[in-house]
Amino acid sequence: MDVIATILVVLVALLHGYFLVLEMFLWTKPLGLKTFRNTPEKAEATRVLAANQGLYNGFLAAGLLWGLLTSQWNVVVFFLLCVIVAALYGAWSVNKRIFFVQGLPAIAALGAVWLS
């Protein structure tokens with residue numbers, strides 16, 4: 001895989017690692033409340049659901065890094081496609097900006113992987 005593709009895949013993995021931290025550990029904290037535009041009451045009520053969502057984001061990050069570290073492009077492509085599907089669903093069901101934050105980097109990385 002070429003350098004640009006690798007950098008973009010690492011960027012997507014880092015984003016999902018950051019999402020894990022936000023959703024699992026900062027959901028009810030000021031940064032989490034601001035990021036997700038939640039009230040403290042709503043954040044507390046949805047804390048466990050957000051942590052579960054964060055865990056899945058961690059799995060996406062781990063899968064991308066695993067694919068890179070083992071040089072398995074098919075694994076990287078699979079996890080990038082998972083990210084894109086999750087972004088599309090999130091944009092449809094929650095907020096359209098999810099597509100721009102989560103989906104566009106994954107699409108750019110996928111394009112770079114396919115071109116390399």
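The values are calculated or read from the model by the stated rules, or taken from the named source; none is laboratory data. Please read these numbers as outputs of a predicted model, since none were measured by experiment. All Cβ positions, even for glycine, are placed from backbone atoms using ideal geometry, and neighbour counts span all protein chains on display.
Overview of values
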| quantity | calculated |
| --- | --- |
| Residues satisfying the stated conditions in segment 17-47, i.e. more than 18 Å from Gln102 (Cβ to Cβ) and under 16 Å from the mean Cα position of the chain (by Cα) | Phe25 |
| Residues of segment 1-15 classified as in contact (Cβ under 8 Å) with a residue 24 or more places away in the chain and loosely packed, with under 12 Cβ neighbours inside 10 Å, total | 1 |
| Evaluation of Asp2 against (1) at pLDDT 95 or above; (2) under 20 Å from Asn74 (Cα atoms) (one fails), failing number | (1) |
